[in-house]
Amino acid sequence: AGLLSHAVHAELAVVVAPSVNVDSITLGQLERLYLDKSVSGLSGANLIPVDHKQGSAQRQEFAQKAMGKTERQLASYWSRVMFSGKGQPPRQYSNDTEVIEQVTSDPGKIGYIDAASVTEGIKVILRIP
């Protein structure tokens, strides 16, 4: 699983369980979801985001491409949110395999993985080049 961890600028795939009633998501919706803000237009799906561990290549790519932020900016955002008691950051997992396990074992979760890690049994709702 760790073979791709050093790939720079890989395509990311945003994934959910096949049973989730969402076929696509916009970058704007994804950003709001990952910042724990209300998201409109996701057909009533209550998705819970899961994240990669801090410092991982996937997380850095995701922060930059999907959120338009650096990992440090995201960390300070969450420090403020948690300090004010208004939310918790998404739970972090070590690698694509763990994210896939979370998403498939709990159909309310949404995650992102390296597009090369996409397997049967998960649904890609957005690709981030």
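The values are calculated or read from the model by the stated rules, or taken from the named source; none is laboratory data. It should be emphasised that the depicted structure is a prediction, and the values quoted were computed from it without experimental measurement. Neighbour counts are summed over all protein chains in view; Cβ atoms, including those assigned to glycine, are modelled from backbone coordinates with ideal geometry. The protein model used for the area step is the full one, side chains on, heavy atoms only, and it has no ligands, DNA or RNA in it. Shrake-Rupley method; radii C 1.70, N 1.55, O 1.52, S 1.80 Å.
So here's what we get for this one:
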read-out: Test for ILE125: is it of a type in the set (A, V, I, L, M, F, W, C), open to solvent by less than 20 Å² (accessible area, probe 1.4 Å) and either in contact with a Ser or Thr (Cβ under 7 Å, 6 or more places away or on another chain) or over 19 Å from GLN64 (Cα atoms) (or both); value: yes
read-out: Answer from VAL39, VAL50, VAL99 - the residue that is within 16 Å of VAL14 (Cβ to Cβ) and touching a Pro at 6+ places or on another chain (Cβ under 7 Å); value: VAL50
